[in-house]
Amino acid sequence: MMSSDLVPEKLMRSYITSVVSFAATNKGVHPDTLDFTSRRQTAEKILVYQTYRWLMVMAAMLVCLAHGSNDVANAIAPLIVVSTVYDRNERIPYYMGATGISVGLICLGYIVMETVGKKVVKLDFVKGFCAQFATAICVICGSILKIPLSTTHCMVGALFGIIIANKMDFVKRAYGIDPHAPTDATNKNSIAKS
């Protein structure tokens, strides 16, 4: 007979075994070579990243809401004024703004997304969530306070905040990087001098 307090441990072991087996086979490591502690740590990392993956999707939807509330409103405000002055249908500028942002995203948006996500700073799910959430909060607060803001400028500011945070020792320790290890630039300078 098993006691009821052992069931969660068995469930955890089976879950960890299945997650680590999947992750290890994708990286070419045989799962049986890992002990239980390293399996658990690997499973926890995967669980954290999967959680932040969905949080980042939700934060991106929040950025879309913020973008629509501020940037699109800034773009179509003159059209609304003109349509009001000439007693035209006031919905047409909204349709034009929604169409314009959709077509722009479909046609050219991938270029900006690639530049921001890969060339400005290399993002993972945790950093991406932080940048998206900070941008969304900043732009939504600007909309509430009736301050016209650029979502792109807020996003680049959030990314530079991530770059600055990556240079701090406690952040490097949290990511498991030796804070006193030489960087690539330091290695290149030492190689060039010798």
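Coordinate-derived values only; no laboratory data. On a predicted model such as this, the values are computed, not experimentally measured, just so you know. Note: ideal-geometry Cβ built from the backbone for every residue, glycine included; neighbour counts use all protein chains shown.
Take CYS141, CYS130, CYS154 and order them by how many other Cβ atoms sit within 10 Å, fewest up front.
Numbers: CYS141 13, CYS130 20, CYS154 23.
Final ranking by Cβ density, sparse to dense: CYS141, CYS130, CYS154.
For the cross-link pairs LYS146/LYS167; LYS45/LYS167; LYS45/LYS118, which exceed 24 Å when the distance is taken from alpha carbon to alpha carbon?
LYS146/LYS167
How many times 2.2 N^0.38 Å is the alpha carbon radius of gyration of the stretch 18-176?
That ratio works out to 1.40.
What is the distance in Å between the Cα centres of the stretch 121-168 and the stretch 42-107?
Comparing the Cα centres of the stretch 121-168 and the stretch 42-107, I get a distance of 16 Å.
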